[in-house]
1. Could you work out the helix-only [θ] at 222 nm for the chain, with each DSSP H run of four or more residues adding -39,500 (n - 2.57) and the total divided by the number of residues, to the nearest 500 deg cm²/dmol?
2. Add +1 for every Lys or Arg and -1 for every Asp or Glu among the other residues with Cβ under 13 Å from the Cβ of ASP401, and state the total.
3. Only Lys, Arg, Asp and Glu count, each charged at its Cβ (+1, +1, -1, -1), so figure out the dipole size of region 139-191 about its Cα centre, rounded to 20 debye.
4. Relative to the longest principal Cα axis of the chain, at what angle does helix 328-360 sit, 0 to 90 degrees, rounded to 10?
5. Any idea how far apart ASN479 and TYR137 come out in nm if each label point goes 7 Å out from Cα toward Cβ?
6. Give the relative contact order (percent, whole number) for region 101-167; include only Cα pairs under 8 Å separated by 6+ residues.
7. Taking the chain as the reference, fit the longest principal axis to its C-alpha atoms, fit the long axis of helix 106-119 to the helix C-alpha atoms, and give the angle between the two in degrees, 0 to 90, nearest 10.
8. With a cut-off of 8 Å between alpha carbons and a minimum separation of six or more residues, what is the relative contact order of region 397-476 in percent?
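The values are calculated or read from the model by the stated rules, or taken from the named source; none is laboratory data. Fair warning: this is a prediction, and the values are worked out from it, not measured in the lab. Cβ atoms come from the backbone with ideal geometry, glycine included; neighbour counts cover every protein chain shown. Accessible surface areas use protein heavy atoms only, side chains included; no ligands, DNA or RNA. Shrake-Rupley method; radii C 1.70, N 1.55, O 1.52, S 1.80 Å.
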Amino acid sequence: MNQTTVLIIGAGPVGLTLACELARRNIDFRIIERSAVPQHGSRAKALQPRSLEILNDLGIAEVLMPQGYTELSFRKFNGSQMIGETPRVVFPRNDTRYHKTLLLPQPKVEAALRNKLEELGGKIEWATELADFTQQYNSIQCRLEHPNWTEELTCTYMVACDGGKSTTRKKLGINFAGETHQAQQLWVGDVEVDGLKPDAWYNWLSPAFGMAFALFPFKDSSTWQLQAVMPPDENGNVPAPTLEGFNQLFKERTHMEGVTFTKSTWQSVYRVNIRRAEKYRAGNAFIAGDAGHVHSIAGGMGMNTGIQDAYNLGWKLAAVINGEAKDSLLDTYGEERIPIADWLLETTSHRQQVMLAGAASGKTGFDLLATEDTTQLNLNYRGSSLNSTGLITTSGLQAGDRAPDVQLADDSWLSDKMSGPEWKLLLFGNEQPAGYRKGLKIIKSDDAVKQAYGLQEGIVLIRPDGYIALIAANAAEVNTYFGSSFFLQ
């Protein structure tokens, strides 16, 4: 029987992020995907600033930045009448190099992650499905199916990144509590458009539908993403979208002449589901991304939250597998990420209601969706059992907070020094780099870092996923921290 340490189910952004995290830590894994080829539909189209920081740590954010928009404005219409144009809202801050959302189609994100995974020596097993599995003590017996073969595989850990309809989650018996908003459905698709200039995100507002129609042009592409609210019939159904249907609906709702959709490469019906898994772990099996949480698409945070799930879990799996931490560390994955999912469901539902009300008023559209919180830079793990209380900072920074990035005197960024899979230790004042845990990356703080962190003396211990574990007065507390119940000396 073949063996691997970690089996990843699903090669979308979540599974690929986890695979890259494991690959750069030299953890044995396999990643399978039931589809025979990468999916081509645009689907998610926003990378929030926090996700861009993570992808920068993986070395691909700067590859993606030229492929999308950060400044595209909202052009709003009532029928054929243009009623205004609104610039994208930006939330300037000096603790990140990425304070703007990047808009680009999901396949470009997946392609960059696949390239990084290949660079790290990993590969995706396409057209391969987890047909069945049985958990035993400290292992999982799996049966994989491919059109040309069947394989029996033993893995130590399994992570389901197979989407909102996750068959793995169902087989694990994890309840996916929540509700389906059958009345809130959309036609979505990718189309080519004649008659519109691709220099704005077009919104058609309507008292009857809220967002009657929306068209977003992708950069350096002939493809636009289409969205249109579709009220269901008495049985809760909407007709399947087609190119002909897209054209007909556009004419009915916009009365705009001279605009035609000439081609459609992807069509789908989106139904609003608000659900969260009751737990993220069952034995040695975990769920991540949409397998653990689904919600309104308002705010563009689904793919991002999944990427951040994987970033949280990856280093913890590696630490346990490498004998650096106890199994209890893996329980902090759900402890930390489930509250984030609850925030996500609440926030996206609220933003959708605000957007629809604004659109129905005929004044605002998708321009109302973004807030400072939707950047996901303010999310924290302050309640985590991995935190150790210590020194008070003048900046208000606490254990559990995201470690702020800082632009240094030479115009480089602190994140350049903090990149990589290690724990990081920031030294302030006269603290000297000696006698610390093996594998700890030591970084001396300059005046800009001292100001941003609100410390003149002491240390800040930063986890591999960029969150603060400890703020303390002296180095001795670092070894005390790693002597806690989660870690092995």
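1. The helix-only estimate for the chain comes to -8000 deg cm²/dmol at 222 nm.
2. 0
3. Using only the charged Cβ atoms, the result is roughly 200 debye.
4. Orientation of helix 328-360: about 30 degrees from the principal axis.
5. With each label placed 7 Å out from Cα toward Cβ, I get 3.7 nm.
6. Details: 57 pairs, mean separation 12.2, N = 67.
The value is 18 percent.
7. So the inclination is approximately 30 degrees.
8. Values: 138 pairs, mean separation 29.8, N = 80.
Across region 397-476, relative contact order equals 37 percent.
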